[in-house]
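First comes the structure, then the notes that go with it.
The values are calculated or read from the model by the stated rules, or taken from the named source; none is laboratory data. Computed from a predicted model, the values in this text were never measured in an experiment. Every residue, glycine among them, receives a Cβ derived from its backbone with ideal geometry; neighbour counts consider all protein chains shown. Remember, those area values only see protein heavy atoms, side chains included, never the ligands or the DNA or RNA. Shrake-Rupley method; radii C 1.70, N 1.55, O 1.52, S 1.80 Å.
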Amino acid sequence: MTPSKPKIRCFTLSTCSHCHRTKRFFLDMGLAAEFTDVDLLTGAEREQIMDEVRKLNPDCSFPTICIGEAIIIGFNEEKLKKALELP
């Protein structure tokens, strides 16, 4: 039996270079991830997502990445690979 892959959720900004690198990392690794470009949201939806980001990352910096229970702030390939248990 293979272990289940953790859910990957990324809160990003459409204009952020570190966010683009994060998206590229998951794409290059062939990993499914859910991305939310917070700056493209409006109204109540944006407030709801920002409340969620604040709970995970009080500084509200981007990208904020959730891999299972792990929270990674900013693009850090080493931390991402560790959370994903990749070599």
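Counting only heavy atoms of the protein chains and using a 1.4 Å probe, GLU47 has close to 100 Å² of accessible surface. Taking Cα centre as origin and charging only the Cβ of basic (Lys, Arg, +1) and acidic (Asp, Glu, -1) residues, the dipole magnitude of the chain rounds to 260 debye.
Can you work out the FRET efficiency for the pair GLU45 and LYS81, with r the C-beta to C-beta distance and R0 = 25 Å, to the nearest 0.05?
Numbers: r = 32 Å, r/R0 = 1.27.
Between GLU45 and LYS81 the formula returns 0.20.
If you sort ARG9, ARG21 by accessible surface, 1.4 Å probe, largest first, the order is ARG21, ARG9.
Taking all protein chains in place and a 1.4 Å probe, what share, in percent, of the accessible surface of the chain do carbon and sulfur account for? Display every interim value, and only then the final one.
Numbers: 3020 of 5810 Å².
It is 52 percent, rounded to a whole number.
The C-alpha atoms of the chain define a longest principal axis, and helix 43-56 lies at about 50 degrees to it. Across the range 41-68, the residues whose backbone nitrogen lies under 12 Å from the label position 7 Å along the beta-carbon direction of SER14 are 41-42.
Counting DSSP beta bridges with both partners in the chain, what percentage is antiparallel, nearest 5?
Working: 8 of 12 bridges.
The answer is about 65 percent antiparallel.
Available extension along the chain between MET29 and ILE73 is 13.9 nm, counting 0.36 nm per residue and deducting the alpha carbon span. Angle of helix 17-29 to the longest C-alpha principal axis of the chain, folded into 0 to 90 degrees and rounded to 10: 30°.
For the chain, the solvent-accessible area of protein heavy atoms averages 67 Å² per residue (probe radius 1.4 Å; ligands and nucleic acids excluded). From zero up to wherever the largest Cα-Cα distance of the chain sits, split into 10 Å bins and tell me the percent of pairs in each. The calculated distribution, bin by bin, is 17, 52, 25, 5, 0.
Left without a cysteine partner by the 4.7 Å Cβ rule in the chain: CYS10, CYS60, CYS66. Do the sum for the chain: with -39,500 (n - 2.57) for every DSSP H run of n ≥ 4, divided by all residues, what is the mean residue ellipticity at 222 nm, to the nearest 500 deg cm²/dmol? Result for the chain: -12500 deg cm²/dmol, rounded to the nearest 500.
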